[in-house]
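No value in this document is a laboratory result; all are computed from the given coordinates. Keep in mind that what you see is a predicted model, and the values were worked out from it rather than measured. Every residue, glycine among them, receives a Cβ derived from its backbone with ideal geometry; neighbour counts consider all protein chains shown.
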Amino acid sequence: MKVITVGHTPDMDDAFMFYAIASGAIPMNGFRFEHVVEDIQTLNCRAFNAELDMTAISAASYPALAKQYWLVSVGSSVGQGYGPLVISKEPRSPQELQGRRVAVPGLRTTAFMLLRLAIPRFVPVEMSFEHIPDAVLRGEVDAGLVIHEWQLTYRDAGLLPILDLGMWWQQETRLPIPLGLNVVKKSLGRHLARQATTILRDSILYAFSHQDEALTYAMRYGRGTDAARARQFVGMYVNEESLTLSKPCQEALRVLFERAHQAGFIPAIPSLDVIEPLKR
């Protein structure tokens, strides 16, 4: 049996996609996936150390990982006119964040890269994503950059929106925004990489055809999110873009990396070398 270490986040969209693998609902074809469940910033760091065979990463981290990992064509989290959200206790315009302290969920995240492109001069305060809303409420920071279910629930805490970075990106480029990607280690070789990618593809397809049970499993990672919002959130980030890295999505990655390179955030623009699943 071939053991593959697989990293994914403790969030509903990833849990939904990995449900069939975790529950043993699909054939594993001689593979065993050893799950490593960490927040996305930690997974980025583990990928930088080449610790995991296959892992979710922030799209923003891919340029630094392209020599060690191939892109996986399935399992991406892509926003279509929505994405990470900047929130505050008080009404503010995006321009008012210049020079202010903004809590961010990691310096290697796509959310942080997008915010740097949209608002060049703010003071980032790095912290775990789940602590950001409370830090804003306590006044420790002037604003917070939220991801995951907080994109839907921030108003429940009395917080106000300042800037939706997915909407900003779409207005800027007319493209979707790939936030999270999956990658697979090149040292596995293309054949094993394609086999592992195929298992993830089959797991996503199973979840689509067994949505209620997959959603029930995913809600274990919802941190109290109700069923209606859980279904909404999963639907936002597990969709047709999760089954293929579409041409608009690949173009969006190229544009993101070009802009990041022009801004001096990354030293070079990587090529997109994509591993596809085996055909049925």
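Things worth noting here:
- Gain on full extension, evaluated as 0.36 nm per residue between residue 96 and residue 157 minus their Cα-Cα distance, stands at 19.8 nm.
- Taking amide H atoms as placed 1.01 Å from N in the peptide plane, the amide H of residue 4 lies under 5 Å from those of 32, 33, 34, each 5 or more residues away in sequence or on another chain.
- Listed values for region 123-134 are Karplus-derived 3J(HN,Hα) couplings in whole Hz (6.51 cos²θ - 1.76 cosθ + 1.60, θ = phi - 60°), namely 9, x, 10, 7, 7, 4, 4, 6, 8, 5, x, 5, and x replaces Gly and Pro.
- Modelled spin labels at residue 247 and residue 278, positioned 7 Å past Cα toward Cβ, are 2.9 nm from each other.
- Ratio of Rg to Rh for region 1-160: 1.02 [Cα atoms; Kirkwood radius as inverse mean 1/r over pairs].
- In order along region 224-240, the Karplus-derived 3J(HN,Hα) couplings, from 6.51 cos²θ - 1.76 cosθ + 1.60 at θ = phi - 60°, round to x, 5, 6, 4, 5, 6, 4, 5, 5, 5, 4, x, 5, 10, 10, 8, 4 Hz, and Gly and Pro are given as x.
- Share antiparallel - DSSP beta bridges, the chain, percent rounded to 5: 55 percent
- For the chain, the spherically averaged projection of the C-alpha convex hull amounts to 13.6 nm².
- Length gained on full extension, residue 258 to residue 172: 29.6 nm, using 0.36 nm per residue less the C-alpha separation.
- Value of Rg/Rh across region 171-268 [Cα atoms, Kirkwood radius]: 1.04
- From phi via Karplus (6.51, -1.76, 1.60), per-residue ³J(HN,Hα) for region 31-46 in Hz, x at Gly/Pro: 10, 10, 8, 9, 7, 10, 9, 9, 5, 5, 5, 5, 5, 4, 5, 5
- Extending 7 Å from Cα along the Cβ direction at residue 271 and again at residue 138 yields two label points whose distance is 4.9 nm.
- With a Cα cut-off of under 30 Å and a minimum spacing of 8 residues unless on different chains, the lysine pairs in the chain number 13.
- FRET efficiency estimate (nearest 0.05) - Cβ-Cβ, residue 240 to residue 67, R0 30 angstrom: 0.50
- Extension gain from residue 232 to residue 34, taking 0.36 nm per residue of separation minus the Cα-Cα distance: 68.4 nm
- Euclidean distance of C-alpha centroids, region 1-41 and region 83-159, integer Å: 29 Å
- Net dipole in debye of region 170-250 [+1 Lys, Arg Cβ; -1 Asp, Glu Cβ; about Cα centre; nearest 20]: 400 debye
- Calculated over region 145-202: convex hull of Cα atoms, volume per residue (Å³): 145 Å³
- With both labels modelled 7 Å from their Cα along Cα-to-Cβ, the residue 3 to residue 211 distance reads 3.7 nm.
- Based on the Kirkwood approach, the hydrodynamic radius assigned to region 81-229 is 17.3 Å, with every pair of different Cα atoms included.
- Positive-end ranking of 150, 246, 225 along the dipole of the chain, with charges on Cβ about the Cα centre, is headed by 246.
- Dipole moment magnitude, nearest 20 debye, region 85-173 about Cα centre, only Lys, Arg, Asp, Glu C-beta charged: 260 debye
- In region 85-173, inverting the average of 1/r over every pair of distinct C-alpha atoms gives 12.7 Å as the Kirkwood radius.
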